[in-house]
1. Looking at Leu20, is it over 23 Å from Val115 (Cα atoms) and surrounded by 14 or more Cβ atoms within 10 Å (Cβ to Cβ)?
2. Looking at segment 51-61, can you tell me whether even one residue there is under 30 Å from Arg21 (Cβ atoms), out of contact with any Asp or Glu (no Cβ under 6 Å at 6 or more places or on another chain) and not polar (S, T, N, Q)?
3. Name the one entry in Glu48, Glu108, Glu124 that is among the charged types (D, E, K, R) and touching a helix residue (DSSP H, G or I) at 6+ places or on another chain (Cβ under 7 Å).
4. If you take the residues of segment 1-52 that are part of a helix (DSSP H, G or I) and among the hydrophobic types (A, V, I, L, M, F, W, C), which of them is modelled with the lowest pLDDT?
5. So which residues in segment 86-106 are assigned to a helix (DSSP H, G or I) and within 25 Å of Ile65 (Cα to Cα), if there are any at all?
6. Note down all Cβ pairs under 8 Å where the first residue falls in segment 37-55 and is over 30 Å from Leu69 (Cα atoms), the second is loosely packed, with under 13 Cβ neighbours inside 10 Å and among the aliphatic types (A, V, I, L, M), and they're at least six residues apart or on different chains.
7. From the list Ala106, Ala102, Ala118, which one is surrounded by 11 or more Cβ atoms within 10 Å (Cβ to Cβ) and within 21 Å of Glu28 (Cβ to Cβ)?
Amino acid sequence: MEKYSPGSAGPAKGLGASRLRALAGAAEDRQAALPNVPTVAEFVPGFEASFWTGIAGPKGMPPEIVDKLNKAVNVGLKDSNVKAHLAEWGATALAGSPADFAKFVADETEKWGKVIRAANIKAE
């Protein structure tokens, strides 16, 4: 029902205080917490490899329950405290509909399926 894309800004907060230096981020856009760190896509057009998680229910869940949960989660994602907490970790929450999330999952499955086939990756 929802997509949540945590970034690396939370764990990377200490970069300025150490000898480590971030070279690039893998997400599509630069992170607000690390505005001077470019994305890989700035050097390799089309590159995007961000971590995400979502909320889903069991197959066959009654549509009225899906809608009720979706509305409640979307309200929570608009809360300023939730947004602030996520921003501390360089995360972005994208509220949306179950159809939006289903399309996103299908697109990710297709994208990473191509990568797996091109690299001839096999399960062990």
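The values are calculated or read from the model by the stated rules, or taken from the named source; none is laboratory data. Not measured: the values here are computed from a predicted model. Cβ atoms come from the backbone with ideal geometry, glycine included; neighbour counts cover every protein chain shown.
1. no
2. yes
3. Values: Glu108 fails: touching a helix residue (DSSP H, G or I) at 6+ places or on another chain (Cβ under 7 Å); Glu124 fails: touching a helix residue (DSSP H, G or I) at 6+ places or on another chain (Cβ under 7 Å).
Only one candidate qualifies: Glu48.
4. Just the residues of segment 1-52 that are part of a helix (DSSP H, G or I), to begin with: 11-17, 40-42.
Among the residues that remain, those that are also among the hydrophobic types (A, V, I, L, M, F, W, C) are: 12, 15, 17, 40-41.
Details: Ala12: 57, Leu15: 62, Ala17: 61, Val40: 94, Ala41: 94.
Applying the filter and picking the extreme gives Ala12.
5. Residues satisfying the conditions are Pro98, Ala99, Asp100, Phe101, Ala102, Lys103, Phe104, Val105, Ala106.
6. Going by the 8 Å Cβ cut-off, the qualifying pairs are Val37/Leu23.
7. Exactly one of Ala106, Ala102, Ala118 is surrounded by 11 or more Cβ atoms within 10 Å (Cβ to Cβ) and within 21 Å of Glu28 (Cβ to Cβ), namely Ala102.
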